[in-house]
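Below: one structure, written as structure tokens.
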Amino acid sequence: MYESNSMKIFISWSGQRSRVIANALHEWLPRVLQNITPWLSEEDVEPGTRWANAIADSLGEINMGIFCVTPENASSPWLLFEAGAISKISSQAVVCPLLFDMGRADLDGPLSQFQSVEFSEEGVTQIVKKINSLRKDPQDENWLSEQISVWWERLSEKISEGMSREGSAWKVDLEAVSAEFENGVSGLSRHSEMEGNKYFRGIVIESIREQVCTIGDLRARSGSISLSYDAYPRYLINLLKRDKATVKALAVIDVEERFWKGRIGQTIRNSTDKNSTRVFVFQSPSQMEENVHILRDHAKQYNVYSISFENLTKGFPDFNYDFSVIGDIAARVLAKYEDSGNEHVSRVITFHTEKDEISAHEDALGGIIKAAVSVSGNPDDAGLVEATFRQPEMKVRSLRKQVEMSAYIDIHHYHQHEEKHVFYLEMVDEMISQFEKRRDDKEKQIRVLEFGAGTGLFTKRILRRENLDLTAVELDWACYNLLGHIIDTTCTEGELRNIKARAVNEDSRRYDPDGEFEYIFSAFADHHVKPYDKEDYFRNVRRNLKRGGRYIVGDEFLRSYDKTSAEDRREALVDFHTFVIEEARRHGHQELVKLEEAALDSGLREVGDFKLSCEEYEELLAEAGFVFEKKKIGPDAPDDIGGIYVYSIGCED
């Protein structure tokens, strides 16, 4: 029982991280302030007490409500219900959202009307002083500040420990949501309108049945879930705010998505990560002129392009609809509108996790971006509209060819300057040295395969060896054309002994010609393969590699980072490229600086550069059944920035 003269502090939470904060505050506040009673639903509902009734009974006694808000629960209906209930039931009660991993600008909706504070020693101090000001006998503020200083570290450590144990937090969240759903449904039996109004009752029961059917559909399909099409913006905004996800999207204006002009469109703009990319599609110049201010506004926040529907359809007839790839390098989902197959509901938004379908849409978007017009690169509105609706006949006819590196880098500048990359030539020399050391009979012609041959920088060097039958595979159409030219030129100039070579425009994940290869090479190429495509890629390497053969990889690798943190990986990416850029500047290679800045940008936007740490790469190799040796080429400094490595890889016996 609470003491009658004790202040009641209601602590509201929803979700695992919010729960960690709430538990820590529940324990910590009485140490700092005397004669207060924090009330936490998890802790203070006696066994056998109905959960909903206990909360409802306590709300009327509350002096202040602290709402533990995280990006993932900012729109939680339970937080909103409890905040609204406190403000209505008790006119004297104060509602204070405590923001964790988010700022005041990230908070919108009903909770934004209350004065919030960010989680920090300063923010928590504000809350404690506010509680103190509501007391009939407030404590001395200087004494109170000393108490907070003494006990702050304990609160901070308690929360950090709780967060570090959060590995299976999603399961806890799922259980919590299940409990909320069950309690919410059971609570409906006490609703007077459920008993007296059969029409209202029928609507409520049918809506619950639809939600149950959606969950059942998810369990049956395992890799996708379909929801009402108009729910997409809400789910997108939650992912952007809660998980800081990046987005790569195609938006056909005013077909499925009619929300870009309104408040929802503005919220999406404000919540979108700067490394995201969206291509807006327009049916006519007049339609684009009406919406050009939206493009300009969004382009201030992230990467925005425009394309006409006609040019999109000519180049990519299989992808001329709205879709979004949402996530980060570790995991992502594809969202697209589909027919429901239900006579009562025409359209749904479906979230897919099937990796081949995600890759197909990402690859298509890379080509679409290549054909589209950069909004920030065209400051004149009339010029932007004119460029968007220009008819690039030759360009459009080639759009169906795959593009990858040429989507974000000038490949001719790349070919001219990439060999100046720090440690690149030393890496190539080591790759060829390992090849020559392992090669038993140098008079016998052997079959060699190069995956991700690019513009032929490594290719032209390996062709100077003797007795090779080389196949160089490159997916990017522009790179492939230059690669073919380099092979022809190299094979016709100078004296090459018993050399055969050809370029093929194929996907390294799937290229599987007749026969096997004694050696497979990859130079500065593996990091262009998406992490979730590595399984298929390595499987194809094994399929093509002769028993006893070697797969020799030279590539760039990042320092160690937390695989669960997209932000930590981005920082590792910046650390590595900053080192390479500084080395290029030190040697006066300004064109290489520009190339590396473009590569860093593509890595941050996850549109072509997917560098990993050695640890993560080696885990993937082991999962694929490979054994390996590695050698660091440079730099000699400790592994706090990553480096250039050569791997000699074989199959387990």
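The values are calculated or read from the model by the stated rules, or taken from the named source; none is laboratory data. Note that this is a predicted model, so its numbers are computed, not measured. For neighbour counting, all protein chains shown are included, and Cβ atoms are generated from backbone atoms with ideal geometry for every residue, glycine included. Note: areas computed on protein heavy atoms with side chains; ligands, DNA, RNA excluded. Shrake-Rupley method; radii C 1.70, N 1.55, O 1.52, S 1.80 Å.
Descriptive notes on the structure:
- Distance from region 176-199 to region 284-315 (C-alpha centre basis), Å: 46 Å
- When peptides 315-322, 624-631, 443-450 are ranked by their average number of other Cβ atoms within 10 Å per residue, the highest-first order is 443-450, 315-322, 624-631.
- Region 286-325: C-alpha gyration tensor shape, a/c 1.5 cut-off, then a/b vs b/c: oblate
- Three-way shape call for region 237-301 based on the alpha-carbon gyration tensor, with the a/c threshold at 1.5: prolate
- Shown are Thr277, Thr37, whose ranking by accessible area with a 1.4 Å probe and every protein chain present, most to least, is Thr37, Thr277.
- Trypsin sites (Lys or Arg not before Pro) lying in DSSP loop within region 285-322, provided at most 14 other Cβ fall within 10 Å: Lys300
- Antiparallel bridge percentage (DSSP; both residues within the chain; nearest 5): 45 percent
- Probe 1.4 Å, accessible area per residue of the chain, Å²: 47 Å²
- Tilt relative to the chain, helix 232-243 - C-alpha long axis, 0 to 90 degrees, to 10: 90 degrees
- Peptides 602-612, 460-470, 496-506 ordered by average Cβ neighbours within 10 Å, highest first: 602-612, 460-470, 496-506
- Residue pairs, from the table Lys534/Lys630; Lys241/Lys370; Lys437/Lys546, whose Cα atoms sit over 26 Å apart: Lys241/Lys370
- Acute angle (nearest 10 degrees) that the helix 614-623 long axis makes with the longest principal axis of the chain, alpha-carbon atoms: 80 degrees
- Above-threshold pairs, the threshold being 25 Å between Cα atoms, out of Lys248/Lys355; Lys442/Lys530; Lys274/Lys314: Lys442/Lys530; Lys274/Lys314
- For the chain, the Cβ-based charge dipole about the Cα centre amounts to some 800 debye (Lys, Arg positive; Asp, Glu negative; other atoms uncharged).
- The protection proxy used here, the mean number of other Cβ atoms lying within 10 Å of each residue, ranks peptides 511-520, 557-566, 236-245 as follows, highest first: 236-245, 557-566, 511-520.
- Annotation: amide H of Glu118 within the under-5 Å range of Leu99, sequence separation 5 or more or interchain, hydrogens built in the peptide plane.
- Carbon plus sulfur fraction of accessible area for region 534-653, probe 1.4 Å, in percent: 46 percent
- In degrees, nearest ten, helix 16-32 long axis to first principal axis of the chain (Cα): 50 degrees
- Relative to one another, the C-alpha centroids of region 350-364 and region 527-606 are positioned 22 Å apart.
- Phi to ³J(HN,Hα) by Karplus 6.51 cos²θ - 1.76 cosθ + 1.60 over region 410-421, Hz, x for Gly, Pro: 6, 5, 6, 5, 4, 5, 6, 10, 5, 5, 7, 4
- For the chain, relative contact order (Cα pairs under 8 Å, six or more residues apart, normalised by length) works out to 9 percent.
- (i) 65; (ii) 72; (iii) 60, with the label sought being that of the calculated percent of Cα pairs over 32 Å apart: (iii)
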